[in-house]
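Q: Take this structure, written in structure tokens, and hold onto it; I'll ask about it next.
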Amino acid sequence: MLFKKSNGTYLVDKREFSSRLRKILGFKPGNLRLYEIAFIHRSASYTLPDGKRVNNERLEYLGDAVLDAILSDYLFEKFPDASEGFMTKIRSRIVNREVLNHLALSMGINDILISNINSIHNSKNLCGDALEALIGSIFIDKGFKKTKKLFIRKV
């Protein structure tokens, strides 16, 4: 497994990856392999002997849905008298591409993301996508409650 260092080079060191991931998460991940996959963009996919392609797209899909559920639950609790329209507007302001990209960059996701895309603009979007994949990984590894706690704390 390749891991990206801050200087742009790659290394194969699970301990360093685990350490960087712990800094981002604030807790020790259970299934490290799941989190490794969260940081492999489609452009850096590889194929296993059984023909399965490995990248973060499926985790990104799951993370997007979990993120919607987290924010819906949070807003439902926080604004008990708010209308559905108000909560939908607030949720969409939080879960837009620009906010997710900014949050991912501030968390340092770009330091461990693996991709073969060089454009700065595209790499920012890749970070937001990787954040969604990370949320999917946390959900599978630790469950909804822990995922919600982490996201609300970070946002």
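Q: Taking 2.2 N^0.38 Å as the expected size of a compact globular protein, what ratio does the Cα radius of gyration of the stretch 33-106 give against it, to two decimals?
A: Values: Rg = 16.3 Å, N = 74, 2.2 N^0.38 = 11.3 Å.
After normalising by residue count via 2.2 N^0.38 Å, the value is 1.45.
Q: Still on this structure, please answer the following. On the Cα set of the chain, report Rg and Dmax in Å, please.
A: 15.9, 54
Q: Picking from GLY128, LEU150, LEU21, whose Cα lies most toward the positive end of the charge dipole for the chain (charges on Cβ: Lys, Arg +1; Asp, Glu -1)?
A: LEU21
Q: Then there's this: Taking a probe of 1.4 Å, how large is the accessible area per residue of the stretch 74-155, in Å²?
A: Roughly 58 Å² per residue, with all protein chains present.
Q: Between GLU57 and GLU84, how many nm apart are label points set 7 Å from Cα along the C-beta direction?
A: 3.3
Q: Can you pull the percent of the chain's accessible area that's carbon plus sulfur, 1.4 Å probe, other chains left in place?
A: Accessible surface attributable to carbon and sulfur in the chain totals 53 percent.
Q: Once Rh is set to the Kirkwood radius over Cα pairs, what Stokes-Einstein translational diffusion coefficient, in µm²/s, holds for the stretch 80-155 at a temperature of 25 °C and a viscosity of 0.890 mPa s?
A: The diffusion coefficient I find is 180 µm²/s.
Q: A further question on this structure: Mean residue ellipticity at 222 nm from the helices of the chain, using -39,500 (n - 2.57) per DSSP H segment of n ≥ 4 over the full residue count, to the nearest 500 deg cm²/dmol?
A: Using -39500 (n - 2.57) per qualifying helix, the result is -20000 deg cm²/dmol.
Q: Further question: Please determine, in degrees from 0 to 90 and to the nearest 10, the orientation of helix 120-142 with respect to the longest principal axis defined by the Cα atoms of the chain, where the helix direction is its Cα long axis.
A: Taking Cα atoms only, the helix is inclined about 80 degrees.
Q: Give me the dipole magnitude in Debye, nearest 20, for the chain about the Cα centre, with unit charges on the beta carbon: positive for Lys and Arg, negative for Asp and Glu.
A: That gives the chain a dipole magnitude of about 540 debye.
Q: Loop only per DSSP, at most 13 neighbouring Cβ atoms within 10 Å: give me the trypsin sites (Lys or Arg not before Pro) in the stretch 26-99, ordered by residue number.
A: Passing both the DSSP loop test and the Cβ count: LYS52.
Q: Hey, another quick one. Taking 0.36 nm per intervening residue step and subtracting the Cα-Cα distance, what contour gain separates ALA69 from SER18 on full extension?
A: 15.6 nm
The values are calculated or read from the model by the stated rules, or taken from the named source; none is laboratory data. Keep in mind that what you see is a predicted model, and the values were worked out from it rather than measured. Cβ atoms come from the backbone with ideal geometry, glycine included; neighbour counts cover every protein chain shown. For the accessible areas, the whole protein counts, side chains as well, though only heavy atoms, and no ligand, DNA or RNA atoms are used. Shrake-Rupley method; radii C 1.70, N 1.55, O 1.52, S 1.80 Å.
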